[in-house]
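Working notes for the structure below.
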Amino acid sequence: MDFSGSTVLCLGDLMLDRYAYGEIERISPEAPVPVLRLTRATEMLGGAGNVASNIASLGGKAVLIGLLGSDAAGEVVRAIVARTPGIIGELVETTRRPTICKTRYVASGQQVVRTDDESRLAVEADEEDALVAALNAVVASVGAIVLSDYGKGAVSEGVIAAAVGAARRRGIPVFVDPKAEDFTRYRGVTCLTPNLKELAAAARMAVGNEASVITAARKVMADAGADAILATRSEKGMILVEANGAVTVVPARAREVFDVSGAGDTAIAALALAHASGRSLAQAVPIANAAAGVVVSKAGTATPHIAEVMHELGVGDEDRWQPPSLSTLTLTAGLVDHWKALGLTVGFTNGCFDIVHAGHIALLAAARAQCDRLVVALNTDASVRILKGPTRPINSLEKRAQVIAAIRYVDCVLAFDEETPLELIKRLLPGVLIKGADYTLDGVVGAEVVQTAGGRVYLAPLVDGQSTSNTVRQIRERGPAPSSSVGGSAGEAG
């Protein structure tokens, strides 16, 4: 289940979610209210931004379009987008409204109060035009569109019409997380994803059991001219009702629900991403259901990692999800965190791995024997040139990553551009740090970091006479291989 080749456009009400954590120890002498002593705060993308964050955390790419005010909160949103791999920001700045900002104050794991900074004014014509222009500029590069409607104005009738029209011309689906009670304003979209409360309000009927949910879904689907309705039912799972008459019921897995914030964003993100990758809606729903199940067990506005979703789906170890041949730090860190949560020991080694030889294989085999999952960090091409000289590497980073990722001892490959992988080691904190026995313990970069965190360092035995430099020298001494007229050139298989 690799979504790295799929891109989803996320357009809608973009928000900044702030969480202020603290402790309540007394009542204010000024009024009968608790005094919250703040200890820390976090900021993350909300609304349409949370949909984009979910897509990125699942390994896909998101193009994010929304309105931002000319204010400090808007700058924070821009900074988060800029530093988040997998999200491309096509953000529209406006002076007519502030950046939507929700601040939640939390004590002892419970929200005490929430403050909202927002405008309730309808979107202006020039704001709508700017959103549509941004949509049209990028729609050719995406495989699906998600309209995230929080009722704050960005998903106007003009924007909806433009999205549906552009999608039809491109032959791609449009998904909507609706907030309006009148679903006819979303006419022509592929799939609407209301929760039970939203479905009941739109259909004007009770939705107390599966039969009534299906009946209500068919009513609003016909009203909106949509292809499908995905009714999200919290702890009861999801029901997909399609215009062709098909019904797919997916029960939720029993679990403790910690926080439902953002579960709807996760569901539509996973649904759109899975569908954009080539799955039918019916095939995509279990993935959306599993992703939503992961996030409700986390605190705050959380996102699921693809490995967590695979675990939720019950995929066995032999079929476990593999990251792309060259992973990102964000993707790798999430994967490592997931492995650790499962009680697995994570190993880490690094090197150029330019021309892979028997010594490399022996090192990786020895490294994997010391851990349950092995992460290999490769020097980038620029880093290799600094270490080995201007004629190296012989193979580019992409080619080296493909080879290393194909070796059965390796579970994840990523790259670093610095002189050493120290920052990667600090972020991943592996349980075992592996280098060759030509190193001493004092010379292993990151050894102190790993040992301080409770891990260990392992120096793997070397294979005599094996090095990339020797391999290159031997190839040059032997000269080019003789050509052959049978079966192609001698180098095609190697």
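Counting only residues at least eight positions apart within a chain, or on another chain, the lysines with an alpha carbon under 20 Å from that of Lys179 are Lys102, Lys152, Lys197, Lys219. Seen against the Cα atoms of the chain and their longest principal axis, helix 358-368 is set at about 50 degrees.
Among residues other than Lys197 with Cβ under 12 Å from its Cβ, the summed charge is 0 (Lys and Arg +1, Asp and Glu -1). For a straight C-alpha distance cut-off of 21 angstrom, the lysines reachable from Lys426 (same-chain residues fewer than eight places away being disregarded) are Lys340, Lys435.
Take 364-373, 380-389 and order them by the average number of nearby Cβ atoms within 10 Å per residue, most first; the result is 364-373, 380-389. Mind running the shape call on the stretch 1-124? Use the C-alpha gyration tensor, a ≥ b ≥ c as the square roots of the eigenvalues: rounded below 1.5 for a/c, prolate if a/b tops b/c, oblate otherwise. It comes out oblate by the Cα gyration axes. Modelled spin labels at Val35 and Glu23, positioned 7 Å past Cα toward Cβ, are 1.4 nm from each other. Among 439-447, 25-33, the peptide with the highest mean count of other Cβ atoms within 10 Å heads the list, and the full ranking is 439-447, 25-33.
Counting Lys and Arg as +1 and Asp and Glu as -1 over every other residue whose Cβ lies under 11 Å from the Cβ of Leu378, the net charge comes to -2.
The per residue volume of the convex hull around the alpha-carbon atoms of the stretch 86-243 is 152 Å³. Relative to the longest principal axis of the Cα atoms of the chain, helix 125-138 runs at roughly 30 degrees. A helix-only calculation puts the chain at -10500 deg cm²/dmol for mean residue ellipticity at 222 nm, using -39500 (n - 2.57) for each DSSP H run of at least four residues, averaged over all residues. Equivalent-ellipsoid semi-axes for the chain (Cα gyration tensor, √(5λ), whole Å, largest first): 46, 28, 22.
A protection proxy built from the mean count of other Cβ atoms within 10 Å ranks the segments 400-411, 451-462, 154-165, most packed first, as 154-165, 400-411, 451-462.
Any chance you could give the angle, 0 to 90 degrees and rounded to 10, that helix 210-224 forms with the longest Cα principal axis of the chain? The angle comes out near 80 degrees. Applying the criteria of a DSSP loop state and at most 12 other Cβ atoms within 10 Å to the trypsin sites (Lys or Arg not before Pro) of the stretch 151-228 yields Arg204. Just flag the GluC sites (Glu not before Pro) in the stretch 164-266 sitting in loop per DSSP whose Cβ has no more than 14 other Cβ atoms within 10 Å. Sites meeting the loop and neighbour criteria: Glu181, Glu256.
Every number in this text was worked out from the coordinates using simple rules, so none of it is lab data. If you're wondering where the values come from, they're calculated on a predicted model, not measured in any experiment. Glycine also receives a Cβ, built like all others from the backbone with ideal geometry; neighbour counts cover every protein chain displayed.
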